[in-house]
Structures are given as structure tokens and as C-alpha cells.
Amino acid sequence: MKDFPRVSLGIKLIDEGLEGGIPKGNWVVVTGEPGTGKSILCMHYAYAGLIAGDPVIYVTTEAEFRDVVRQARQFNMDLEGFSHYYLGDEKPGKTPQLVIIDIFSLLKTAKQLSAEAEEIERKRRYAALDIETLIAAVNEAYRVLGLTDERHKSPLRHVRLIVDSISAFWADKPAMARKYSYQFKIATHRENVTALLVSQYAMTTKSVTEDSRIVVKDLNRVSEVTIGELFGNLLKSKGTALRVKDCDIIHVDHLQTPSLDPEALTLRWCRAYSIIRHICSKPIYEVTLDSGKRLKLTNDHTLYTLRNDGVEPVKTYELRQGEQIISTSNEALTELLSCRNNAEIKVAKVLEVRQSDEQPSYVYDLSVEPFENYLAEGVVIHNSTFGFGLEHIADGILHLWMDEVENTKEVRRYIIIKKMRMTNHYRSAYKVEIMPNKGLVITKI
């Protein structure tokens, strides 16, 4: 495994844990909550590349690059000390070593793409945070660095690509995370590109109780189970779950569940790609409908209602008596259980919304694409977890986290190599300190 060319992260102990560094050409995802050190890890990776003579493409959506530069200087990394170019400015006189793509660069790229689309009468408007805009910007950066031309579409020499964070490109449509991840990798990944992509976790606690019944189809087998039972069965079969703060996430394949198409107003079988278990930290509310259905969920979860001549998700605590909720009839549920593709919806009225005395240890949520909703107790609810999907296309995952500060009364950060293809990597966690003049200081626990 050590025979593969390696690319240094710029942190000696992590490189050693990776048998010398990231295998050249790998796409590595850096996951974790805000404040765990993900952006600083990107600075180390960029600076190590510049010192080694690698061209670097640095995409920053979370901060202006001058702020990245200012922070990097605190850690003795002078990124602006190397020849650099902001994508979208006038063409540089000489080939730079560092190309910077920030939100302003992406906005200029989006305007250019929109103008080109108008010329060919496509009438498509591009936004700065469209995944197509990012793809166009990165491909332009390849050309500016002299890595590609009309004859060579793949970079002629090794380049480091950093995107901090790529989650910004699907923040308003989390169910599209996996699709956009694949789209970006197919369009920009080449043998000579080693990428570090930041995936921001932003979990919520908008969930239902474990006894909430849902309908799922695994391959061709349809069943009605409680969401807690489904999570337990998947955990038993997979043996592990991804831990993010106080949440356990299980990614699933071949699983479908009925989901509301808000335009057609029908229920369709759609793909469920993860199930999440949260520690319950919010009040539980019970919603009673005139159909006899009862649903128990956290106070800020949302149900689909008929409002303003359309379908609108409304939070539990904002529901009014008499509100019309999108639900199913027993006949529609029978159609779904018999594997039919579509089923008509029904409207039920809210009789009562009250805070429950129940306070379970856990609550659950199901991530469904593309409509971001599912049926629980025959009622359509909005799935509210942040979108996952990038991890599925990753060659490696570096995960950062911190202990609950409410319990520890101090900040304790950690990093672990969760996976790295072609590498017999170190399997224990490291402790992380953020130190002035040094950046991330890593020690074995």
C-alpha cells in the first residue's frame, strides 16, 4: 500500500497515520461541526502544497480569502507570499501558483454562465452557489494554472483542490447532496487532482418519537414498522453508525418510503438515504387529527398543511385548531403497501396540539430525496436533517469533533481517520489543539 504516491497534509503525525499522506488522486472529505478545526486543516494542506511546489486551487465559501489569509498568518502560514490570482480578476501576467475562488469569483462565473445561456436562448439563470457554477470555476482555474488547454482536458501535473465548504452548494436543498457530489466529482476529478472537501454538519433535533409508524420498501419487500425498530434493525445489520455530536446516522441503500410530491399532490415511492437518531433535548408535542391519527414529534418539527392555496410546511407549535394537514386514507395506505407507484392524499383537520408529558431518550428522523418529506403515522412531515451524501463518493474521510462543552466545561477537540482507500491507516483518535504560530497540534491519545 505504501507504493502509491502520497500527498502531505502538512501535519506530520496525520501523514504518518496515513502511511505517508493522502494517496495521490484521492478525494478526501473533512467532516465535523463548526469550530472543530476543519478550515485550519485546509490551510495546512494548502500551505504544504505551495511549499512543495504544487499548484493549489482554494475555494472558500465560508469566509473571504483575506480572512483566511489573516488567520493563516497567526499560524505562521503566509499564503499570500506565493504568486496568487483571484478568479474573475484581469488575467495574470504570469502563471500563478495559487488560484483563489471566493463567493465574488463564483458570482462573476454565474453571471458569465447566465449570459452564455441567454445567447443560445436557454434562459437559465445561474447562482453563485449552483454546483454548475463551482464546476465551471474549477475548470477555469485548471486553465489559469496552465494545467489544461484545448488539447489536454485533464491536468498535466498534480494540483491540490480545496473546497471549504462544499456543503454551501446544497444548504437550501439538502436532499440533493449526493447527486451534486457525484456531479462535481465526475466533472472535475482527474488522476492528477487530490482534493480536500469540507462537509459541514448542521444537525437539528426536529424528529418523531420511536413508536411512530412508517412505511418502507427494501428492494421489493414492503412493511410497516416503527422508526425506532427500523433504526435498531439497521444498526444490528450494519454494526455501526456515524456519530455526529449527539446524533447517530446510518446511511442506507435500496430503501424507499412514500413521499409527497408537492406539485402533483400525490404520494410516490422515493429513496430514503439515511436514518438519524438524536438525543431528545426538546419538548414533545402530540398532534391529534379528526381522522383519529395521533403524531408525537418535537415542538419545532414541521407538518405539511394546506395554506394560501398551496402546500406549506408549518412548525408544530404554530399549528392552529382546524388546520388542514396532508395525510393519507386507509385506502391510499393499502395502495402503497401493495407497491403501487402513486397514491392520492387526504386532508385531515387538527383537533388538538398539546405538550406531552413524555420525554423519551431518543427521537428519530428519516432523510428522503428529492421532496424531503415522508409519512409518519400516515401524516406527511418534513424531514429536517442536513443533507448527507458527500461521504459516499469520498476516497477518505477525516472526521473532527469536540466533547460536549456543557459537560466538560472546556473545549476538547479530536480527529480520526475514518477511512482512506489504499491505506492501512491509523485507527485511533488523535487529540487536537489549536495553537498560535502552529495551527493544529496533533497528539496521540
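The values are calculated or read from the model by the stated rules, or taken from the named source; none is laboratory data. Since this is a predicted model, take the numbers as computed values, not measurements. Cβ sites come from the backbone with ideal geometry, for glycine too, and all protein chains shown count toward neighbours.
Structure values in brief
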| quantity | calculated |
| --- | --- |
| Residues located in segment 133-155, provided they are surrounded by fewer than 17 Cβ atoms within 10 Å (Cβ to Cβ) and either out of contact with any Asp or Glu (no Cβ under 8 Å at 6 or more places or on another chain) or within 23 Å of F104 (Cα to Cα) (or both) | N139, R143, G146, D149, E150, R151, H152, K153 |
| Within segment 217-261, tally of residues that are among the small types (G, A, S) and touching a Cys at 6+ places or on another chain (Cβ under 7 Å) | 1 |
| Residue ID - farthest from M422 (Cα to Cα), chosen from residues in segment 19-35 that are crowded, with 22+ Cβ neighbours inside 10 Å and under 17 Å from the mean Cα position of the chain (by Cα) | G32 |
| V215 in a strand (DSSP E or B), crowded, with 19+ Cβ neighbours inside 10 Å and more than 23 Å from the chain's Cα centre (by Cα) | yes |
| Subset tally (residues that are loosely packed, with under 15 Cβ neighbours inside 10 Å and assigned to a loop (DSSP other than H, G, I, E, B)) for segment 300-329 | 5 |
| Scope segment 264-280; condition crowded, with 20+ Cβ neighbours inside 10 Å and in a strand (DSSP E or B); matching residues | L267, C270, A272, Y273, S274, I275, I276, R277, H278 |
| Residue among N373, N424 that is in the same structural domain as A46 (by TED's automatic domain parsing) and either of a type in the set (S, T, N, Q) or at pLDDT below 85 (or both) | N424 |
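Each row is one residue, and each column tells you yes or no for (1) closer than 19 Å to R157 by Cα; (2) not charged (D, E, K, R).
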| position | (1), (2) |
| --- | --- |
| Y47 | yes, yes |
| V68 | no, yes |
| D78 | no, no |
| S83 | yes, yes |
| L87 | no, yes |
| K91 | no, no |
| L98 | yes, yes |
| T109 | no, yes |
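Residues are listed down the side, and each one gets a yes or a no for (1) of a type in the set (A, V, I, L, M); (2) exposed (fewer than 15 other Cβ atoms within 10 Å of the Cβ); (3) at pLDDT below 95; (4) within 17 Å of V163 (Cα to Cα):
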residue: I51; (1), (2), (3), (4): yes, yes, no, no
residue: Y58; (1), (2), (3), (4): no, no, no, yes
residue: E64; (1), (2), (3), (4): no, yes, yes, yes
residue: A72; (1), (2), (3), (4): yes, no, no, yes
residue: D78; (1), (2), (3), (4): no, yes, no, no
residue: F82; (1), (2), (3), (4): no, no, no, no
residue: G93; (1), (2), (3), (4): no, yes, yes, no
